[in-house]
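The values are calculated or read from the model by the stated rules, or taken from the named source; none is laboratory data. Since we're looking at a predicted model, the values are computed, not measured. Glycine gets a Cβ as well: all are built from the backbone with ideal geometry, and neighbour counts include every protein chain shown. Calculation scope for accessible area: heavy atoms of the full protein, side chains included, ligands and nucleic acids excluded. Shrake-Rupley method; radii C 1.70, N 1.55, O 1.52, S 1.80 Å.
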Amino acid sequence: MISIILIFVLQLVYVPIMTLRTIFLVKNMSVAASSFGVLEALIYVFGLSLVFSGHQSIAGMVTYAVGFGVGLYIGTRIENKLAIGYINLVVNLLDINEELIVLLRNKGFGVTVFEGMGRDSKRYQLEILTKRNRENEAMNIIEEYEPKAFIISYEPRKFKGGFLVKATKKHINRYSKIHQ
């Protein structure tokens, strides 16, 4: 019974580490990915040796599989909390909303405004690049001021220059002073 519990616990540790290693690898964070890879391999070999030691029954293998599934869930929850990386929001509006644009900028979001031609009339597009951990904040503001906005969210692979780094530091400093 102790080995079955140990297998389950190992999977709860192993799979989140594997998930984070994969994410770090995709985001080109090779030192973190390598470090998590070493831990992942150690836990994997130890866990499999328990399952295939000859002492385990079907229950041990089922526990291994269930632990894997639960570990995946935990790993994705951890990654969502960490929200590593950046997100780009493309917001399409029927009319320009200066109040929304000013509010987003005052909250530290870089907003670029484009005017274009839709099928029936002019359209306005806001492009917002921000850290992933601020995506929901930006989406909530947009939803409040423009509930009919069409929004596309995607992760940029690379970017260079611009307003983001300076604005993020300014927003963090302002937020820290207000909440002290």
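Would you call residue 77 over 19 Å from residue 13 (Cβ atoms) and of a type outside the set (A, V, I, L, M)?
No: the conditions fail for residue 77.
If you scan segment 1-30, which residues turn out to be within 20 Å of the chain's Cα centre (by Cα) and in a loop (DSSP other than H, G, I, E, B)?
27, 28, 29
Residue 37 is checked against (1) out of contact with any Phe, Trp or Tyr (no Cβ under 8 Å at 6 or more places or on another chain); (2) more than 28 Å from residue 59 (Cα to Cα); (3) free of Cβ contacts under 8 Å to residues at least 24 places away in the same chain and fails just one. What number does that condition carry?
Residue 37 satisfies all of (1) out of contact with any Phe, Trp or Tyr (no Cβ under 8 Å at 6 or more places or on another chain); (2) more than 28 Å from residue 59 (Cα to Cα); (3) free of Cβ contacts under 8 Å to residues at least 24 places away in the same chain except (2).
Quick one: how many residues across segment 50-69 are under 30 Å from residue 27 (Cα atoms) and surrounded by 15 or more Cβ atoms within 10 Å (Cβ to Cβ)?
3
Can we say residue 94 is over 30 Å from residue 13 (Cα atoms) and either open to solvent by 70 Å² or more (accessible area, probe 1.4 Å) or touching a Phe, Trp or Tyr at 6+ places or on another chain (Cβ under 7 Å) (or both)? Explain how you work it out, then say what you get.
Details: over 30 Å from residue 13 (Cα atoms): yes; either open to solvent by 70 Å² or more (accessible area, probe 1.4 Å) or touching a Phe, Trp or Tyr at 6+ places or on another chain (Cβ under 7 Å) (or both): yes.
Here the answer is yes, as residue 94 does meet what is asked.
Give segment 116-144 a look and list any residue that's in contact (Cβ under 8 Å) with a residue 12 or more places away in the chain and among the charged types (D, E, K, R), or say none.
Of everything in segment 116-144, those that are in contact (Cβ under 8 Å) with a residue 12 or more places away in the chain and among the charged types (D, E, K, R) turn out to be 123, 127, 131, 132, 134, 135, 137.
Within segment 31-46, is there a residue that is closer than 30 Å to residue 160 by Cβ, exposed (fewer than 12 other Cβ atoms within 10 Å of the Cβ) and touching an Asp or Glu at 6+ places or on another chain (Cβ under 8 Å)?
Taking segment 31-46 as the starting set, the residues that turn out to be closer than 30 Å to residue 160 by Cβ are 31-37.
Cutting the leftovers down to exposed (fewer than 12 other Cβ atoms within 10 Å of the Cβ) gives us 31.
Next, from what is left, pick out any that are touching an Asp or Glu at 6+ places or on another chain (Cβ under 8 Å): none.
No: zero hits.
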